[in-house]
Amino acid sequence: MQIYLARHGQTPFNRDNKMQGVGKIPLTDEGSSYIHSVARNSRNTVIDVIYVSELLRAQQTAAVYKQYFDVPLISDRRLNEIDVGSFEGRYFDDLRKEHGVVFDLWAAGDFYNVNIPGGEQFIDIEKRLRDFIADLHNPSLKNQNILIVSHYVIIKMFISIIFTENLSASNSMRIDLGNITKLSLEKSNKWSLQYFNLPIIR
């Protein structure tokens with residue numbers, strides 16, 4: 001099984017350095033154009049199915065990929081970005097000044113003690129991602145090439161859960177908007193990392 005983890009394209013919040021979680025935030029024209037470029041350069045790759053977060057920016061990204069690959073598209077809430085509660089739509093600089101403790105814990109990888117006002121706990125994200133990953137071990141998927149369109153925090157934690165069993169490892173990763181990370185699940189049920197943070201599916 002080949003897994004392609006795709007981050008969504010740019011949104012106005014990405015462009016303006018604002019925190020975004022589960023809000024209804026669309027792609028910018030630039031974001032959409034970049035995804036078209038990635039998909040166009042990847043169209044010779046075989047994709048069997050697309051799994052996608054329920055959130056608008058991911059749905060719009062997946063819709064672009066569907067134009068090129070024309071495969072089933074399955075929405076799954078377990079792939080949704082972290083709910084950032086009252087932080088949604090606020091500038092990062094302002095949040096760091098007002099909630100320095102939250103960001104210090106986050107930066108230190110102390111995820112189990114991060115408390116976002118009105119937001120989601122990291123332990124709940126871990127639970128839903130572990131549940132999704134367990135579903136990937138279904139024998140019916142073993143020969144599939146799967147594109148998963150999701151979000152920054154989710155993709156990094158997905159990788160951390162698989163390879164390190166330690167969520168703090170996600171703090172050492174950077175995944176650019178619209179870029180792809182490829183994983184392989186072998187018949188022995190062992191995972192391998194094929195490439196990381198590239199603008200192509202191959």
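The values are calculated or read from the model by the stated rules, or taken from the named source; none is laboratory data. All of these numbers come straight from a predicted model, not from anything done at the bench. Note: ideal-geometry Cβ built from the backbone for every residue, glycine included; neighbour counts use all protein chains shown. Side chains included, ligands, DNA and RNA excluded: accessible areas come from the protein's heavy atoms. Shrake-Rupley method; radii C 1.70, N 1.55, O 1.52, S 1.80 Å.
Evaluating ASN197 against the criteria (1) more than 27 Å from VAL64 (Cα to Cα); (2) surrounded by fewer than 16 Cβ atoms within 10 Å (Cβ to Cβ) leaves one unmet condition, (1). Selection over region 172-192 of residues that are surrounded by fewer than 15 Cβ atoms within 10 Å (Cβ to Cβ) and more than 21 Å from ILE50 (Cβ to Cβ) gives a count of 8.
Applying a threshold of 6 Å to beta carbon distances and a minimum spacing of six or more residues, or different chains, the list of pairs starting in region 118-146 at a residue that is under 30 Å from PHE103 (Cβ atoms) and ending at one that is acidic (Asp, Glu) reads GLY119/ASP83; GLU120/ASP83. Against the numbered list (1) modelled with pLDDT of 95 or more; (2) surrounded by fewer than 21 Cβ atoms within 10 Å (Cβ to Cβ), TYR4 comes up short only at (2). What are the residues in region 156-171 that are among the aromatic types (Phe, Trp, Tyr) and open to solvent by 10 Å² or more (accessible area, probe 1.4 Å), if any? PHE163 - this is the single residue of region 156-171 that is among the aromatic types (Phe, Trp, Tyr) and open to solvent by 10 Å² or more (accessible area, probe 1.4 Å).
Could you check, for region 11-29, whether at least one of its residues is assigned to a helix (DSSP H, G or I), more than 30 Å from GLN121 (Cβ to Cβ) and in contact (Cβ under 8 Å) with a residue 60 or more places away in the chain? Scanning region 11-29 turns up no residue that is assigned to a helix (DSSP H, G or I), more than 30 Å from GLN121 (Cβ to Cβ) and in contact (Cβ under 8 Å) with a residue 60 or more places away in the chain. Would you check which residues across region 24-35 are surrounded by fewer than 16 Cβ atoms within 10 Å (Cβ to Cβ) and within 18 Å of the chain's Cα centre (by Cα) and list them? Passing the criteria: LYS24, PRO26. Among strands (runs of 3 or more DSSP E) entirely within region 42-155, having at least 3 residues that are crowded, with 16+ Cβ neighbours inside 10 Å singles out 49-52, 145-150.
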